[in-house]
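All of the numbers you see were taken from the coordinates with simple rules; none came from a lab. All values derive from a computational prediction rather than experimental measurement. Every residue, glycine as well, gets a Cβ built from its backbone with ideal geometry; the counts of neighbours run over all protein chains shown.
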Amino acid sequence: MIGKICGTGSYIPSLVWDNEKLAQLVETDDEWIRERTGIARRHLIDGEETTSYMAAQAAGEALKDAGVRPEEVDLIVVATMSSQNIMPCTACEVQNVIGAVNAACFDLNAACTGFLFALNTAQAYLGQGIYKTAVVIGTESLSNMVNWEDRSTCILFGDGAGAVVLKASEDGRYSQVTYSDGSKGDVLTCSSRNQKKFEDEPRDGSTYMQMDGGEVFKFAVSKVPEAVRELLDQEQMTTEEIAYYILHQANVRIVRSVAKRLGEKAEKFPTNMEEYGNTSSASIPILLDELNKKKTFQSGDFIVLSGFGGGLTYGASLIRW
Ligand code: ACO
């Protein structure tokens, strides 16, 4: 048994901060941000919106798309590093909102690779025959974690959530490779969560997200192609057989470099960071949902998902649509 994606959903907050808005906060400009990152805008939570609120909206939409009733859900796994509470976990909050009364629920944190780890976890439950239906969600309120006075990080991130519904199936296909390198943990850190937003009192800079951007860049462009090649070798497949690569949406230059290193056409690497920035664990499911809604995928398409981020962590998964 393998979990097949049979529905997708997402939630994007309506408050938009474009690059011009950031240029009012820190010394930067639209041209620099677009050229170095491919990002033009990011959506940020506002009012009642929280990490779990967005997750529940995305999950509800995915269930609707899949034609699955909330009571049929056996498992909810949420990938996040920005839950508003330590407990209850975000997955339990989602369960309560959507009425998935029969589901076992928990969160996991593997930063921007979180969605892949969550997908692997759900696949393990489904593969063992323990559960039949799972909802896997990536959701982040990174606007609460970034220092809006630090131009090297605040230009990169945004908020949002994406979700997929998996149903155990005889004809599914799934394979994965994931790695972690804790010795490089200090390249991307955040020592405290549930931070205050820019409008509130500034806090000690060290508790916000800190990043060695150059190191993350080098890490991503070397490890992502390595993981994809290993995945394809494992499955005895070639790049020609892959219809699309859905990469974590951190930086368009990273995506282009990975495509080049794999000898693949850029068209096979859709991007949406221009609109949303880097939404960490939410970026892969948001892009999946966007492409699903556009009916980009054909039934039977092989798709590679790949993420990288804090930990450091990275990995790649193969799915068949
Ligand atoms: N606006 C204008 N100038 C800036 C800005 C800004 N927002 N930020 C930095 N600069 C300046 C620097 O101070 C530097 O100036 P100097 O030459 O006078 O010292 C110059 O621009 C170049 O800075 P670099 O850091 O070398 O710029 P680079 O081309 O490497 O781009 C960036 C920086 C965009 C952060 C890039 O390194 C990157 O995207 N790295 C990957 C980051 C990433 O993906 N992080 C998320 C990981 S996922 C997760 O788990 C959260």
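Results, tabulated for the structure shown:
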item: Extent along principal axes [Cα atoms of the chain; Å; largest to smallest]; result: 54, 46, 38
item: Solvent-free Debye scattering, log10 I(q)/I(0), computed from the Cα coordinates of the range 1-140 at q = 0.11, 0.14, 0.21 Å⁻¹; result: -0.47, -0.69, -1.21
item: Cut-off under 5 Å, modelled amide H: who pairs with Phe157 long-range; result: Asn278
item: Proximal lysines to Lys268, defined as alpha-carbon separation beneath 29 angstrom and excluding residues fewer than eight positions away on the same chain; result: Lys4, Lys64, Lys167, Lys218, Lys223, Lys260, Lys293, Lys294, Lys295
item: Rg over Rh, two decimals, the range 100-149 (C-alpha only, Kirkwood Rh); result: 1.11
item: Largest-first principal axis extents of the Cα set of the range 169-321 (Å); result: 52, 34, 31
item: Potential extension, Asn102-Arg229 segment - 0.36 nm per residue separation minus Cα distance; result: 41.8 nm
item: Potential extension, Asp30-Lys260 segment - 0.36 nm per residue separation minus Cα distance; result: 80.2 nm
item: For the range 70-202, the fraction of alpha-carbon pairs in successive 10 Å shells from zero, as %; result: 11, 37, 31, 16, 4, 0
item: Considering only the chain, percent of DSSP beta bridges that pair antiparallel, nearest 5; result: 70
item: Alpha carbon centroid spacing (whole Å) that separates the range 112-156 from the range 243-309; result: 15
item: Under Karplus coefficients 6.51, -1.76 and 1.60, residue-wise ³J(HN,Hα) of the range 177-189 in Hz, glycine/proline x; result: 9, 9, 9, 9, 9, x, 5, 9, x, 6, 6, 9, 9
item: Gain in span if fully extended, Asp181 to Asp212, counting 0.36 nm per residue against the direct Cα distance; result: 9.6 nm
item: Debye log10 I(q)/I(0) at q = 0.20 Å⁻¹ for the range 1-58, Cα point scatterers; result: -0.82
item: Long-range HN-HN contacts of Leu108 with modeled amide H, under 5 Å; result: Val78, Ala79, Thr80
item: Built amide H within the under 5 Å cut-off of Gly38, gap 5+; result: Val252
item: Rounded to whole Hz, the Karplus (6.51, -1.76, 1.60) HN-Hα couplings of the range 62-74, x for glycine and proline; result: 5, 5, 4, 4, 7, x, 10, 7, x, 5, 7, 6, 8
item: Sparse-neighbour loop sites [trypsin sites (Lys or Arg not before Pro); the range 231-316; at most 11 other C-beta within 10 Å; DSSP]; result: Lys265, Lys294, Lys295
item: Neighbour-limited loop hits for GluC sites (Glu not before Pro), the range 1-75 (at most 13 other Cβ within 10 Å; DSSP other than H, G, I, E, B); result: Glu27, Glu48
item: At R0 = 25 Å, FRET efficiency that the Cβ-Cβ distance of Glu274 and Thr189 yields, to 0.05; result: 0.40
item: C-alpha center-to-center spacing [the range 75-93, the range 167-190] in angstrom; result: 18
item: Table column - 3J(HN,Hα) (Hz), the range 13-30, Karplus curve with 6.51, -1.76, 1.60, x for Gly and Pro; result: x, 7, 6, 10, 10, 8, 5, 4, 4, 5, 5, 7, 9, 9, 6, 7, 8, 3
